[in-house]
1. Please go through region 2-23 and pick out each residue that is within 8 Å of the chain's Cα centre (by Cα) and not in a helix (DSSP H, G or I).
2. If you scan region 188-207, which residues turn out to be buried (at least 19 other Cβ atoms within 10 Å of the Cβ) and under 11 Å from Ser20 (Cβ atoms)?
3. Can you name the condition, by its number, that Thr180 falls short on among (1) of a type in the set (S, T, N, Q); (2) part of a helix (DSSP H, G or I); (3) free of Cβ contacts under 8 Å to residues at least 40 places away in the same chain?
4. If Phe176 meets every condition in (1) within 19 Å of Pro36 (Cα to Cα); (2) surrounded by fewer than 16 Cβ atoms within 10 Å (Cβ to Cβ); (3) aromatic (Phe, Trp, Tyr) apart from one, which number is that one?
5. Can you tell me which of (1) over 15 Å from the mean Cα position of the chain (by Cα); (2) closer than 23 Å to Leu41 by Cβ is the one Val214 doesn't meet?
6. Could you please find all residues in region 159-176 being at pLDDT 95 or above and aromatic (Phe, Trp, Tyr)?
7. Is it the case that His103 is buried (at least 23 other Cβ atoms within 10 Å of the Cβ), touching a Leu at 6+ places or on another chain (Cβ under 6 Å) and under 21 Å from Asn130 (Cβ atoms)?
8. Inspect all residues belonging to region 15-24 and state whether any of them is surrounded by 22 or more Cβ atoms within 10 Å (Cβ to Cβ), in contact with an Asp or Glu (Cβ under 6 Å, 6 or more places away or on another chain) and at pLDDT 95 or above.
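The values are calculated or read from the model by the stated rules, or taken from the named source; none is laboratory data. On a predicted model such as this, the values are computed, not experimentally measured, just so you know. Don't worry about glycine lacking a Cβ; one is built from the backbone with ideal geometry, like all the others, and counts go over all protein chains shown.
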Amino acid sequence: MFIGHNAVGFASKKFAPRTSLLLLMGAPMLLDLLWPIFLLLGIEHVRIQRGATPLTPLDFNDYPWSHSLLMAAVWSIVAGLLYFAVTRYGRGALVIGAGVISHWVLDFLTHRPDLPLWPGGPKVGLGLWNMPRVEIVTEALLFAIGIAVYRNVTKPRDAIGGIAFWLFVILLAGIFVANTAGTPPPDVRTLAWMALSMWILPLWAGWFDRHRDVVAT
């Protein structure tokens, strides 16, 4: 799952209109934002194996601290509590926490059984990646719904709020297409550094969100 997580970020604006899209987008991406850091630190591991699944050449053989259900719940609670401690905005804290845990739920639908329930625990996953057409249609539909929800509750205040928003959408769609049809990275270290570039996405989302006004909740 890739743009499905961004769909959650977009749709979250309806439920926490006072919260920046930077955080609403970052919450469902958080596990994937932590993952390349853990890879570079040697805490987690992945194998590049062409044909691992029809949609990805990555064999996620060891990522319990970013992607186990237990740790996803821990990161969810931590993120929600930190947000509440700073803002005292309870609805926003709940939405942030739900966004973080949503990542594991969506990954459960797409991954083969490689998601641990807890570090060292049994691994689960329904494996939609083994059904490429179903997965691509499902994820694209989620993305379209998320964009529609965000557009319905916000409107651009200026050109940045409109143009930067649509460029962001186009970029995400392009990355999604590249991930499903592209060439595998040459090694794990290169993969990790490429994945680190995703940190720019929540920052970009927060930028154009500041140039849009909430019109409905």
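1. Once the filter is applied, which keeps residues that are within 8 Å of the chain's Cα centre (by Cα) and not in a helix (DSSP H, G or I), region 2-23 yields only Phe2.
2. Passing the criteria: Pro202, Ala205.
3. (3)
4. Among (1) within 19 Å of Pro36 (Cα to Cα); (2) surrounded by fewer than 16 Cβ atoms within 10 Å (Cβ to Cβ); (3) aromatic (Phe, Trp, Tyr), Phe176 violates only (2).
5. That leaves (2) as the condition not met.
6. Answer for region 159-176, where residues must be at pLDDT 95 or above and aromatic (Phe, Trp, Tyr): Phe165, Trp166, Phe168.
7. When the stated conditions are applied, His103 passes them.
8. Yes, region 15-24 contains at least one residue that is surrounded by 22 or more Cβ atoms within 10 Å (Cβ to Cβ), in contact with an Asp or Glu (Cβ under 6 Å, 6 or more places away or on another chain) and at pLDDT 95 or above.
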